[in-house]
Ligand code: ADP
């Protein structure tokens with residue numbers, strides 16, 4: 001049996017915390033799909049395509065990882081992909097409350113789907129996409145927060161936004 005898993009998120013933008021979860025998950029499953037949530041109701045800084053491209057770039061060296069997108073219910077997406085495992089990262093108790101609720105909802109919606117939690121790497125426990133946006137928009141250094149190959153793309157986008165772009 002191939003052990004497949006899905007790692008879903010907004011990735012607005014991708015951080016080293018996300019990459020760490022991707023890399024570690026890819027080492028314990030046969031195949032990992034990183035799935036970008038395309039939610040028309042949520043206003044993201046990075047377009048869906050930009051978020052997708054960032055993930056493609058950082059996963060290029062991981063042969064058992066692919067990048068996809070989904071709309072609608074995560075359990076429907078997982079079931080359509082014939083994948084039973086959803087991976088979520090946990091940084092703190094505050095993540096737990098929300099993720100716990102979501103996992104229980106998903107369990108009700110489709111009992112075949114299991115949510116597995118992966119603890120953050122202590123080096124990245126403080127990282128979130130919103131912190132990256134906040135620091136970069138105030139001209140702070142985000143080089144220790146995002147993958148090096150995405151640094152320029154992320155800084156430029158946030159600068160453009162600050163300049164009314
Ligand atoms: P955000 O980074 O804004 O919380 P995402 O929806 O992009 O939001 O996160 C996708 C998944 O990655 C979630 O399961 C989230 O808990 C996890 N995650 C995000 N940042 C980290 C981190 N620094 N360490 C561990 N998991 C993380």
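Just checking, which of 154, 158 is over 17 Å from residue 58 (Cα atoms) and either surrounded by 17 or more Cβ atoms within 10 Å (Cβ to Cβ) or touching a residue at least 40 places away in the same chain (Cβ under 8 Å) (or both)? The unique qualifying residue is 158. The single condition among (1) more than 23 Å from residue 29 (Cα to Cα); (2) in a helix (DSSP H, G or I); (3) at pLDDT 95 or above that residue 107 does not meet is (1). Considered as a group, the residues in the stretch 1-34 that are part of a strand (DSSP E or B) and within 10 Å of the ligand (Cβ to nearest atom) include one that is surrounded by the most Cβ atoms within 10 Å (Cβ to Cβ), and that residue is 34. Here residue 98 clears all of (1) touching a residue at least 12 places away in the same chain (Cβ under 8 Å); (2) part of a helix (DSSP H, G or I); (3) closer than 21 Å to residue 125 by Cβ except the condition numbered (1). Does residue 113 meet the test of being modelled with pLDDT of 95 or more, over 27 Å from residue 49 (Cβ atoms) and buried (at least 17 other Cβ atoms within 10 Å of the Cβ)? When the stated conditions are applied, residue 113 passes them.
When the stretch 38-55 is filtered for residues that are over 20 Å from residue 147 (Cα atoms) and either in contact with a strand residue (DSSP E or B) (Cβ under 6 Å, 6 or more places away or on another chain) or buried (at least 18 other Cβ atoms within 10 Å of the Cβ) (or both), only 38 remains. Screening the candidates 5, 78, 60 for the property of being without any contact (Cβ under 8 Å) to a residue 24 or more places away in the chain and within 16 Å of the chain's Cα centre (by Cα) yields one hit, 60.
Scanning the stretch 110-142 for residues that are part of a helix (DSSP H, G or I) and within 16 Å of the chain's Cα centre (by Cα), we see that the one that is nearest to residue 29 (Cα to Cα) is 124. Note on the stretch 86-113: residues that are farther than 21 Å from residue 142 by Cβ, more than 8 Å from the ligand (Cβ to nearest atom) and out of contact with any helix residue (DSSP H, G or I) (no Cβ under 8 Å at 6 or more places or on another chain) amount to 14.
The values are calculated or read from the model by the stated rules, or taken from the named source; none is laboratory data. Keep in mind it's a predicted model, so treat the numbers as computed, not measured. Cβ atoms come from the backbone with ideal geometry, glycine included; neighbour counts cover every protein chain shown.
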